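The values are calculated or read from the model by the stated rules, or taken from the named source; none is laboratory data. A quick note: this is a predicted structure, and the numbers were derived from the prediction, not measured. With ideal geometry, Cβ positions are generated from the backbone for all residues, glycine too; neighbour counts draw on all protein chains shown.
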Amino acid sequence: MNIIQSIKKSIKKYPLLYRLLKRLLPYQRRVYIRTFPSRFLLRFLYVLKQFINPPKPSIDGTFAIHTVFILKENILFLEEWIDYHIQLGFNKFYLYDNSRCAVVGRWDIGNPYLIPGKINKYNYNYEEMLDLSDEQCNKIFQDLIEKYQCIDVIEWSPRDKDNKIYYGQELAHKHCLKRLKQDGIDWCANIDIDEFIVIKHFDNIKTYIDSLKNSITNLKLEHIRFDHRFNNMNKLVISITQYPTKLPYYPAYKNIYKVNKTIKMAVHVWLGIGSEKKPTLDEIWFNHYHIYQNHTTNASIDNIHPNIKKLVKQNAINYLLNDYKKTRFGKQ
């Protein structure tokens, strides 16, 4: 049930308002959301729904991260990514496991490299590089869940019209937004596991957000692109400093949003109540460790907050993958 259907159901006891709504919105939401009047109307209807059916109050200080991922592609880097963001102040993770995906998503149609479950879109054959069995991957993952106690795992296997499992990232965002509201999460970031949020003058996400105006309900982050994780198997991801200076501009925005003020989330776009801030790249951003194999890194920058880096390096001594050191740090 989409938001408009939900609103209709909520206000059917008001016949005049319901008939007006039916006249105003005879088509699917996607037709309207691209225009200013429709965005304004959708916000108005959302506020009306909130008045009729008040949402569960958010729990102040709950900062979540939501991601859709493939376990084998990310298992070597997953604990560092979780630990890093815990040190930054995030305290809940919603991991949508899309490992059974068998179809190329619409964002990647035409990519010459991508083979689901084997080669990622940047042309890295993680199946070949991994040197871990499915059983070992699952064991490490389960141990991570037990170790950190702040991880919710959802097996994400939506099917298309041909009954094949596909990526469904936007559908996952919609599904997770409902979960976030049910759980009373205050703020959430939608990022990938090769993306690390960085704040220049703060080492805690809550402290940073508390410094903003109360009217701000979404942060639209840009990225700095670094060398790929698979090119740096002998170091922590946060120790990767090489980056290319000659890449076409591609912002690939990701969002950190106040959950109870959010109407809709897409991969790069937020719609909600309140104001959106687009911070500069010297305030808050995300490091994106993802460039293609054929790109050359010709510069270096170390922009991870020193307090966070120190804690992660200390914790890395006890990472679960130390039992599989030959894999994380290159085959010996």
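Things worth noting here:
Residue-wise test of (1) touching a Ser or Thr at 6+ places or on another chain (Cβ under 8 Å); (2) at pLDDT 95 or above.
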| site | (1), (2) |
| --- | --- |
| TYR167 | no, no |
| LEU177 | yes, yes |
| ASP194 | no, yes |
| ASP227 | yes, no |
| GLN242 | yes, no |
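Here's the yes/no breakdown for (1) over 19 Å from VAL267 (Cα atoms); (2) in the same structural domain as ASP183 (by TED's automatic domain parsing); (3) at pLDDT 90 or above:
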| residue | (1), (2), (3) |
| --- | --- |
| HIS85 | yes, yes, yes |
| LYS92 | yes, yes, yes |
| ALA102 | yes, yes, no |
| LYS118 | yes, yes, no |
| TYR124 | yes, yes, no |
| LYS147 | yes, yes, yes |
| TRP156 | no, yes, yes |
| ASP162 | yes, yes, no |
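- Residues being polar (S, T, N, Q) and either in a strand (DSSP E or B) or over 20 Å from THR207 (Cα atoms) (or both) - total across segment 265-287: 2
- Scanning segment 162-187 for residues that are touching a residue at least 12 places away in the same chain (Cβ under 8 Å), of a type outside the set (D, E, K, R) and not in a helix (DSSP H, G or I) yields ILE165, TYR166, TYR167, GLY168, GLY184, ILE185, TRP187.
- Set side by side, the residues ILE216, ILE165 differ, and just one is among the β-branched types (Val, Ile, Thr) and more than 22 Å from HIS85 (Cα to Cα), which is ILE165.
Here is a yes/no grid of residues against (1) among the hydrophobic types (A, V, I, L, M, F, W, C); (2) free of Cβ contacts under 8 Å to residues at least 12 places away in the same chain; (3) assigned by TED's automatic domain parsing to the domain that holds GLN182; (4) within 24 Å of ILE75 (Cα to Cα):
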{"position": "ILE238", "(1), (2), (3), (4)": "yes, no, yes, yes"}
{"position": "TYR243", "(1), (2), (3), (4)": "no, no, yes, yes"}
{"position": "ALA266", "(1), (2), (3), (4)": "yes, no, yes, no"}
{"position": "SER275", "(1), (2), (3), (4)": "no, no, yes, no"}
{"position": "THR280", "(1), (2), (3), (4)": "no, yes, yes, no"}
{"position": "PRO306", "(1), (2), (3), (4)": "no, yes, yes, no"}
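- Failed criterion for ASP194 (all others in (1) surrounded by fewer than 19 Cβ atoms within 10 Å (Cβ to Cβ); (2) farther than 19 Å from THR62 by Cα; (3) among the charged types (D, E, K, R) hold): (1)
- Any hit, segment 146-164, residues being touching a Gly at 6+ places or on another chain (Cβ under 8 Å) and at positive phi: no
- If you go through segment 151-161 and pick out every residue that is assigned to a loop (DSSP other than H, G, I, E, B), touching a residue at least 24 places away in the same chain (Cβ under 8 Å) and either surrounded by fewer than 13 Cβ atoms within 10 Å (Cβ to Cβ) or among the β-branched types (Val, Ile, Thr) (or both), you end up with 1.
- Those residues of segment 71-89 which are touching a strand residue (DSSP E or B) at 6+ places or on another chain (Cβ under 9 Å), within 18 Å of HIS288 (Cα to Cα) and part of a loop (DSSP other than H, G, I, E, B), in sequence order: PHE77, LEU88
- Condition met for GLY110 (at pLDDT 90 or above and farther than 18 Å from HIS173 by Cα): no
Yes or no, residue by residue, for (1) surrounded by fewer than 16 Cβ atoms within 10 Å (Cβ to Cβ); (2) assigned to a loop (DSSP other than H, G, I, E, B); (3) out of contact with any Leu (no Cβ under 7 Å at 6 or more places or on another chain):
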residue: ASN214; (1), (2), (3): yes, yes, yes
residue: LEU219; (1), (2), (3): no, no, yes
residue: LYS235; (1), (2), (3): yes, yes, yes
residue: ILE238; (1), (2), (3): no, no, yes
residue: PRO248; (1), (2), (3): yes, yes, yes
residue: ALA252; (1), (2), (3): yes, yes, yes
residue: TYR257; (1), (2), (3): no, no, yes
residue: ILE263; (1), (2), (3): no, no, no
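- Verdict on LYS220 being assigned by TED's automatic domain parsing to the domain that holds PRO306, in contact with a strand residue (DSSP E or B) (Cβ under 7 Å, 6 or more places away or on another chain), without any contact (Cβ under 8 Å) to a residue 60 or more places away in the chain and closer than 20 Å to ASN260 by Cβ: yes
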